[in-house]
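The values are calculated or read from the model by the stated rules, or taken from the named source; none is laboratory data. The structure presented is a predicted model; accordingly, all values stated were derived computationally and were not measured. Ideal geometry is used to build each Cβ from the backbone, glycine not excepted, and the neighbour counts take in all protein chains shown.
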There are 2 protein chains.
Amino acid sequence: MASVFPLADLKASVKADSRPGSRSDSWVDTIIKGDCVSALEALPTHSVDVIFADPPYNLQLGGTLHRPDQSLVDAVDDEWDQFASFEAYDAFTRAWLLACRRVLKPTGSIWVIGSYHNIFRVGATLQDLNFWILNDIIWRKTNPMPNFKGRRFQNAHETMIWASPSAKAKGYTFNYDAMKAANDDVQMRSDWLFPICNGNERLKGEDGKKVHPTQKPEALLARVIMASTKPGDIVLDPFFGSGTTGAVAKRLGRHFVGIEREQDYIDAAAARIAAVEPLGKAELTVMTGKKAEVRVAFNVLVESGLIKPGQVLTDAKRRYSAIVRADGTVASGGDAGSIHRLGAKVQGLDACNGWTFWHFEDGQSLRPIDDLRSVIRSDLAKVE
Amino acid sequence: MASVFPLADLKASVKADSRPGSRSDSWVDTIIKGDCVSALEALPTHSVDVIFADPPYNLQLGGTLHRPDQSLVDAVDDEWDQFASFEAYDAFTRAWLLACRRVLKPTGSIWVIGSYHNIFRVGATLQDLNFWILNDIIWRKTNPMPNFKGRRFQNAHETMIWASPSAKAKGYTFNYDAMKAANDDVQMRSDWLFPICNGNERLKGEDGKKVHPTQKPEALLARVIMASTKPGDIVLDPFFGSGTTGAVAKRLGRHFVGIEREQDYIDAAAARIAAVEPLGKAELTVMTGKKAEVRVAFNVLVESGLIKPGQVLTDAKRRYSAIVRADGTVASGGDAGSIHRLGAKVQGLDACNGWTFWHFEDGQSLRPIDDLRSVIRSDLAKVE
DNA sequence: CCGGTCCATGAATCCGATA
DNA sequence: GTATCGGATTCATGGACCG
């Protein structure tokens, strides 16, 4: 059965690519030292599947802030977060997003995380550049820092924007069923709850101080990667920092590329990633639903004999009927076509899912022809 | 004691303004029919306390694309026209935000609600116009519409931006203590959970169809108004729609001004608001914290005899001690000063709340001198 | 080893009245 | 405008320390 072969091919391909180091491209599974835009420009066009970007937030902090016990809040006042103006920040954003778009496959997608300080500018720039926003995702923090002065609401979340490279680029990966299954069988929502990165996961230097001021939790990256990539995909992080993206990508059987300017961060990230043990294939199997299942066309049912040419199909209430033709089309009155087109035609509708509309006689009862696809699929499963 | 009078004055002022209809300004507690910007330009400068805006976000960038003048664009993939549409939306946003800023008091604040289709543009424009973002607030929907195609995450939230008119405008109202008390005595977070507007609350026409497509839940507006206004304040809604802002403002003892173009919405909103029964003064009393209490200086305690000159104060762990002097200062070693300055000095800190730092002997136990202020305050209360 | 207490800390645009 | 200064203000978590 020919339709099985692409599946096997895919598996072989995944297997070959599933371990870091097995690729011939020298830039894959490495951290590139340098400026974000220059480094991106050195990478091949349309070469990465997903980009996760945690750019500077441009916090614009004023003086110092003390807790009620008078201890000093360790602010993010690093040089890399300083911008002269919104215009400067916008130009920076535009530059790295444009560079990202060239490197991103048309079937890829991009994630950008930020706070209210910068995320609106990032989102508007994404739109200006004709990226197509798929969702904005809210990371709700279980343990955010309080508002110490009681002058605002506690800033308890950050925002991620998920976008495809254009409105027409609909080939992006979204493991809908895996997300749904992971969420007690209801759709995964746009608000996610995770703790901030603390405890053992937080990288500390020999002095006991945090290596990076804004290390993201691995759980957050794990959901991003599980939702929007396939095993073997390449995940690029243009602001690599402490390397959370790389560590999670490796653990989940994906490839990574990191870009980072500061050697201290590169060293910490490299050591961190080296210590990661990739999960086995079994744990990695992305739970898939119908969309990821092997496509079984109607003619396969006819060819396999599960549906016979000349057989009569009807709708669930036997109001309409059609005759199966040998070529895998169906006919009714003077009309003929695919199960979907004919189903729409007889009902006078624009569209119709023929798999659930058309039924066949099974003893006393009517069953949708979709049931027969699962027979085919379980046969395919035995081949694995 | 003179410091009591301002409090009494404030109470009298609030009482005079606390019922709709008691104001002489003709535009207050009305719905103005017309274009948002023109209507705003007819209102007095610096005249409203809070603005809540739910602007249209019909960007029309997919499917059928229209130019700003509503003519149909023939080529949907024409990038120039898409860019032009964003520009038109930005110009519109800029125009109504500028008009809002003139009408808004310097001590006021503005809320804007939107989704990922428009909120990034709104946020960036707010920043461009030098509004100062205080928080972005996430409305998490308990019952969002599912994503029917399974190609994205369920869009389960909307975003509100809360901003003051400038970075220097720090006089905005934030009822921190009321919010905290309402939230089981922990700070109110930036993510709020509410159901979408449904059931009885949802306005329906005689045909049974919803009057307005995006009617907001009253609970959401109630939290916005309770958090950022005082009783008697004027709340302006430049995109009034079904009048949720007006209905909630009236119920909560605030004044409203609505601007709306469509007569059908105006009629529905007017009838809705007319049926609203304002809450009584007792129900409207806003929870306040220490900042709102009558100021009692330390020397009042000494003058009243609650603390005696020569008495020894210590911190809670008896690590530091100080002697009270007759002039209301305290001394320790070679240092002397206010309870706050000396508390800071002995600890080597920049600041210290002397009221909670210094303790006095009360039988077996140590009690903060702050306890004695409540004695003074209850005496003052009897005089009122 | 267990439980209690103390302490440190996290992407933070964090005071306001009076002189 | 700026400078001064009274005094108000925090939640969850993990690790250290102690009895």
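Every residue, every condition in (1) outside any loop (DSSP other than H, G, I, E, B); (2) facing chain A (nearest Cβ under 9 Å), yes or no:
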site	(1), (2)
B:Arg151	no, yes
B:Ala167	no, yes
B:Phe174	no, yes
B:Asp177	yes, yes
B:Ala181	yes, no
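Within segment B:154-165, is there a residue that is modelled with pLDDT of 95 or more, among the hydroxyl-bearing types (Ser, Thr, Tyr) and out of contact with any helix residue (DSSP H, G or I) (no Cβ under 6 Å at 6 or more places or on another chain)?
Within segment B:154-165 (the criterion being modelled with pLDDT of 95 or more, among the hydroxyl-bearing types (Ser, Thr, Tyr) and out of contact with any helix residue (DSSP H, G or I) (no Cβ under 6 Å at 6 or more places or on another chain)), the answer is yes, since at least one residue qualifies.
Go through the residues of segment B:341-356 one by one and say whether even a single one is closer than 17 Å to B:Ser321 by Cα, within 32 Å of the chain's Cα centre (by Cα) and charged (D, E, K, R).
Checking segment B:341-356: not a single residue is closer than 17 Å to B:Ser321 by Cα, within 32 Å of the chain's Cα centre (by Cα) and charged (D, E, K, R).
Looking at segment B:335-357, which of its residues are touching a Cys at 6+ places or on another chain (Cβ under 9 Å) and either of a type in the set (Lys, Arg) or within 11 Å of DNA strand D (Cβ to nearest atom) (or both)?
B:Ile339, B:His340, B:Arg341, B:Leu342, B:Gly343, B:Ala344, B:Lys345
Which one of these does A:Ile369 not meet: (1) modelled with pLDDT of 90 or more; (2) loosely packed, with under 15 Cβ neighbours inside 10 Å?
Failing condition for A:Ile369: (2).
Go through segment B:319-364 and count every residue that is at pLDDT 95 or above, of a type in the set (Lys, Arg) and within 15 Å of DNA strand C (Cβ to nearest atom).
So the count comes out to 1.
What number of residues within segment B:323-366 are at negative phi, surrounded by 16 or more Cβ atoms within 10 Å (Cβ to Cβ) and of a type in the set (Gly, Ala, Ser)?
Result for segment B:323-366: 6.
Based on this model, can you work out whether A:Gln154 counts as within 11 Å of DNA strand C (Cβ to nearest atom), surrounded by 19 or more Cβ atoms within 10 Å (Cβ to Cβ) and more than 24 Å from B:Ile161 (Cα to Cα)?
So A:Gln154 does not fit the description; no.
So B:Arg318 clears everything in (1) surrounded by 14 or more Cβ atoms within 10 Å (Cβ to Cβ); (2) over 34 Å from the mean Cα position of the chain (by Cα) except one condition, right? Which one?
Among (1) surrounded by 14 or more Cβ atoms within 10 Å (Cβ to Cβ); (2) over 34 Å from the mean Cα position of the chain (by Cα), B:Arg318 violates only (1).
So which residues in segment B:166-187 are among the β-branched types (Val, Ile, Thr) and modelled with pLDDT under 95, if there are any at all?
B:Val186
So, A:Ile133, is that one closer than 22 Å to B:His157 by Cα, touching a residue at least 40 places away in the same chain (Cβ under 8 Å) and facing chain B (nearest Cβ under 8 Å) or not?
no
Taking the options B:Phe357, B:Phe298, name whichever one is in contact with a helix residue (DSSP H, G or I) (Cβ under 9 Å, 6 or more places away or on another chain), farther than 23 Å from A:Lys149 by Cα and of a type in the set (Phe, Trp, Tyr).
On inspection, the qualifying residue turns out to be B:Phe298.
Condition (residue is modelled with pLDDT of 95 or more, within 16 Å of DNA strand C (Cβ to nearest atom) and assigned to a loop (DSSP other than H, G, I, E, B)) applied to segment B:133-140: is it met by at least one residue?
Looking through segment B:133-140, none of the residues is modelled with pLDDT of 95 or more, within 16 Å of DNA strand C (Cβ to nearest atom) and assigned to a loop (DSSP other than H, G, I, E, B).
For segment A:88-124, which residues satisfy the criterion of being surrounded by 21 or more Cβ atoms within 10 Å (Cβ to Cβ), away from DNA strand C (no atom under 16 Å from the Cβ) and of a type in the set (S, T, N, Q)?
A:Ser109
Could we say that B:Gly363 is more than 11 Å from DNA strand D (Cβ to nearest atom), within 14 Å of chain A (Cβ to nearest Cβ) and farther than 17 Å from B:Ala297 by Cβ here?
Considered against the rule, which asks whether it is more than 11 Å from DNA strand D (Cβ to nearest atom), within 14 Å of chain A (Cβ to nearest Cβ) and farther than 17 Å from B:Ala297 by Cβ, B:Gly363 comes out as no.
I'd like to check something: does segment B:198-212 contain any residue that is part of a strand (DSSP E or B), away from DNA strand C (no atom under 16 Å from the Cβ), within 21 Å of B:Ala275 (Cα to Cα) and out of contact with any Cys (no Cβ under 8 Å at 6 or more places or on another chain)?
Checked against the condition, which is being part of a strand (DSSP E or B), away from DNA strand C (no atom under 16 Å from the Cβ), within 21 Å of B:Ala275 (Cα to Cα) and out of contact with any Cys (no Cβ under 8 Å at 6 or more places or on another chain), segment B:198-212 yields at least one hit.
On the given criteria, is A:Thr142 of a type in the set (Ser, Thr, Tyr), closer than 25 Å to A:Ile196 by Cα and within 16 Å of DNA strand D (Cβ to nearest atom)?
Yes, satisfied.
Quick one: A:Lys168 ticks every box in (1) closer than 22 Å to A:Leu98 by Cα; (2) touching a Ser or Thr at 6+ places or on another chain (Cβ under 7 Å); (3) of a type in the set (Lys, Arg) except a single one, so which number is it?
(2) is the only condition that A:Lys168 fails.
Checking the structure you have, find out if any residue of segment B:287-301 is more than 9 Å from DNA strand D (Cβ to nearest atom) and of a type in the set (D, E, K, R).
Checked segment B:287-301: no residue is more than 9 Å from DNA strand D (Cβ to nearest atom) and of a type in the set (D, E, K, R).
Being under 18 Å from the mean Cα position of the chain (by Cα), crowded, with 18+ Cβ neighbours inside 10 Å, within 16 Å of DNA strand D (Cβ to nearest atom) and assigned to a helix (DSSP H, G or I): is that true of B:Ala227 here?
yes
Kindly list the number of the only condition in (1) away from chain B (no Cβ under 14 Å); (2) more than 16 Å from DNA strand D (Cβ to nearest atom); (3) touching a Phe, Trp or Tyr at 6+ places or on another chain (Cβ under 8 Å); (4) of a type outside the set (S, T, N, Q) that fails for A:Arg254.
A:Arg254 satisfies all of (1) away from chain B (no Cβ under 14 Å); (2) more than 16 Å from DNA strand D (Cβ to nearest atom); (3) touching a Phe, Trp or Tyr at 6+ places or on another chain (Cβ under 8 Å); (4) of a type outside the set (S, T, N, Q) except (3).
Considering only residues that are assigned to a strand (DSSP E or B) and either within 11 Å of another protein chain (Cβ to nearest Cβ) or among the hydroxyl-bearing types (Ser, Thr, Tyr) (or both), which ones fall in segment B:113-127?
Residue satisfying the conditions is B:Gly114 alone.
Mind checking which residues of segment B:186-218 are within 14 Å of chain A (Cβ to nearest Cβ) and of a type in the set (Val, Ile, Thr)?
Result: B:Val186, B:Ile196.
Test of understanding: among A:Gly114, A:Gly150, which residue is more than 16 Å from DNA strand D (Cβ to nearest atom), closer than 18 Å to B:Leu134 by Cβ and out of contact with any Cys (no Cβ under 9 Å at 6 or more places or on another chain)?
A:Gly114
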